[in-house]
Each structure stands twice: as C-alpha cells, then as structure tokens.
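Everything on this sheet refers to the single structure shown next.
The values are calculated or read from the model by the stated rules, or taken from the named source; none is laboratory data. Since we're looking at a predicted model, the values are computed, not measured. Because the Cβ atoms are built from the backbone with ideal geometry, glycine has one as well, and the counts that use them run over all protein chains shown.
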Amino acid sequence: MQGETAVRILDAANTLLIDRGYSAFSYADIAEIVAIRKASIHHHFPTKAALVVAVLRRHRERISEGMKALDQGIDDPVLRIKKYFKYWEECIEGQAISFCIGALLGVEMPSLPEEVQVEVRIHFSMLTEWFQKTLKAAAKSRKAELKGTVAAETQALIATMHGAMLTARATNDPRIFREITHLAIDRISL
C-alpha cells in the first residue's frame, strides 16, 4: 500500500498525463501541484517512467475491478458493454476523467520509454480480453449479432470507444462520446 504522499503524486501525474501527455509534464509540475520538493518525488518514483508505469498500473487495476463488478453484477453481456461505455460517458461529461490514460499513452508509443510501452500493451491486452469474452458471450446468448470475427469486433469497439473520447475532447462536446458509443452498441445488438 502506498502512502498519502505517493498517492498525491500519482493523482497529480494522472491529471497532468490527461491534460498534457507524457512529454509535456515534469517533476517540477508535480512538485508545484503537490507542494513538495522534486527530491521527494524521486524518493517515491526514481524516474518519470517509473511514475507513469505506476499511474498506468493503478488505472488498469481500477478498470479491471470495474470490469469484474460488471461481470458479476450483470448477466446480459451487451448491457455490460453499455455500462462500461456509460462509465466513460459519465467521466467525460462530469470532467472527472476525460480520457483513458492507456489510450492517451498509446498515441505516444513511439516516444515512450520501453517500460511504459510494455504497460500500455498490457492495458490494451486487458481491454481486448474483456471485450472478446463479453462479445463471445453476447453472440452465444443471441444478444448480439457480430458482423465480423470476435477479434475484429473487439478491436472495432475499443477503437470506437477511444475514437469517441478523442472526438469528444477535440470538439469539446462530451455528448459526442455517448452518440458514437450508442451507435456502436446498436450496430451489434439484437
């Protein structure tokens, strides 16, 4: 378990990553937000890459917990996907989290340190696994009609979700996310 200072550092880094991306924030920015010295940040996270890996792991753990709750609490697999999209819709509309950090870092892959790239790939693998499992269940239970393979439909949903986040951000219109993701669900629902 991490101490309060480490959590505050992670929270600040999380916000800065969403607002600016990997390359456009520094430990000086975090030190100012958290009101500590840069040396204190280095004590908890020796490198920027280590800090971003920790942020991404925490993000992935939270997403994974949410997916497990959906799996355990909702029988209908299409409704699970709708609820997952609804989570992001509420985050974007409420400006709690305007973008998935995994997707955001995926855009910067070529310039990221290797250890961050590994975590981004793990994040996308987790998303892929959950969406594939959920879509297979939806097709098997005749709740969805897949136009392509489960693998292709999975990637189409993930790309649609992340693209909808990007479009909502670029247009400064959070309703766009809802409209795009509802169309994606309607396309496969029976």
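A few remarks follow.
- Filter result (more than 16 Å from the chain's Cα centre (by Cα), among the aliphatic types (A, V, I, L, M) and in a helix (DSSP H, G or I)) within segment 163-190: ALA170, ILE176, ILE180, LEU183, ALA184, ILE185, ILE188
- Pairs with Cβ under 6 Å, 6+ apart, first in segment 83-108 and under 20 Å from GLY73 (Cα atoms), second assigned to a helix (DSSP H, G or I) and modelled with pLDDT of 90 or more: LYS83/LEU70; PHE85/THR181; GLU89/PHE177; GLU89/ARG178
- Scanning segment 61-78 turns up no residue that is in a loop (DSSP other than H, G, I, E, B), modelled with pLDDT of 95 or more and within 24 Å of VAL118 (Cβ to Cβ).
- Looking across segment 1-43, just one residue is in contact (Cβ under 8 Å) with a residue 40 or more places away in the chain, of a type outside the set (A, V, I, L, M) and in a helix (DSSP H, G or I), and that is ASN14.
- Candidates in segment 100-127 are the residues that are touching a Lys or Arg at 6+ places or on another chain (Cβ under 8 Å) and hydrophobic (A, V, I, L, M, F, W, C); of these, the one that is surrounded by the fewest Cβ atoms within 10 Å (Cβ to Cβ) is ILE122.
- When the residues of segment 137-161 are filtered to those that are touching a residue at least 40 places away in the same chain (Cβ under 8 Å) and in a helix (DSSP H, G or I), the one that is surrounded by the fewest Cβ atoms within 10 Å (Cβ to Cβ) is ALA137.
A quick yes/no check of all residues on (1) of a type in the set (D, E, K, R); (2) closer than 28 Å to VAL53 by Cα:
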{"position": "MET126", "(1), (2)": "no, yes"}
{"position": "THR134", "(1), (2)": "no, yes"}
{"position": "LYS140", "(1), (2)": "yes, no"}
{"position": "GLU145", "(1), (2)": "yes, no"}
{"position": "GLY148", "(1), (2)": "no, no"}
{"position": "ALA151", "(1), (2)": "no, yes"}
{"position": "MET161", "(1), (2)": "no, yes"}
{"position": "THR167", "(1), (2)": "no, yes"}
{"position": "ALA170", "(1), (2)": "no, yes"}
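- Flag set for ASP29, criterion: modelled with pLDDT of 95 or more and either among the hydroxyl-bearing types (Ser, Thr, Tyr) or out of contact with any Phe, Trp or Tyr (no Cβ under 9 Å at 6 or more places or on another chain) (or both).
- For segment 49-59, the count of residues that are surrounded by fewer than 16 Cβ atoms within 10 Å (Cβ to Cβ), over 14 Å from the mean Cα position of the chain (by Cα) and modelled with pLDDT of 95 or more is nonzero.
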